[in-house]
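A quick write-up on the structure given underneath.
Throughout, read-outs are computed from the coordinates displayed, never taken from laboratory work. Every value quoted in this text rests on a predicted model; they were computed, and no experiment measured them. Here the Cβ is made from the backbone with ideal geometry for all residues, glycine too, and neighbour counts use every protein chain on show.
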Amino acid sequence: MDIIEKFGNVVGNEALKDPDKARRLLLAGYRLQEKRLQLFPDRKLPASGQYVARVVMQNIIKALAKPNDTALVSIFVPGELLTAAGITPYSVEAMSCFIAGT
């Protein structure tokens, strides 16, 4: 079992007992991954893919860091009004794919 699988098990088990703690653990892991992406980008991806990986990671971190200032939206709903109101919109579809992928 590698460290990523162990971390996933810890977060998964904690999610059942204390969802806020699980969110904080996940946030810490994503922050570490963001630093790794900055220092050691995936060389198999083109520069644009490396950039998008960092942008998506930053958006997910922002949503998890301040859950009271975020709103789940569909990719079919424009989020500009929420952004103008100081609320971070993030896509239900993107979040579920992101979490499943990580």
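Quick look at the values:
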| read-out | value |
| --- | --- |
| Coordinate range along principal axes, alpha carbons of the chain, Å, largest first | 44, 40, 20 |
| Long-range amide H partners of THR70 with built H, under 5 Å | THR88 |
| Electrostatic dipole magnitude of the stretch 1-53 [Cβ: Lys, Arg +1; Asp, Glu -1; Cα centre; debye, to 20] | 160 debye |
| Neighbour-limited loop hits for chymotrypsin sites (Phe, Trp or Tyr not before Pro), the stretch 8-85 (at most 13 other Cβ within 10 Å; DSSP other than H, G, I, E, B) | PHE76 |
| Environment charge at PRO41 (Cβ cut-off 13 Å; Lys +1, Arg +1, Asp -1, Glu -1) | +3 |
| Separation of the ARG23 and ILE3 label points, Cα + 7 Å toward Cβ, nm | 2.6 nm |
| Added length on full extension, which subtracts the Cα-Cα distance from 0.36 nm per residue, THR88 to ASN13 | 24.2 nm |
| Computed over the stretch 1-95: relative contact order in percent, which uses C-alpha pairs under 8 Å that are six or more apart | 20 percent |
| Set of lysines with alpha-carbon distance to LYS44 below 24 Å, sequence-local pairs under 8 removed | LYS35 |
| Two-site label geometry, GLU34 and SER48: point separation in nm, points 7 Å out along Cα→Cβ | 2.5 nm |
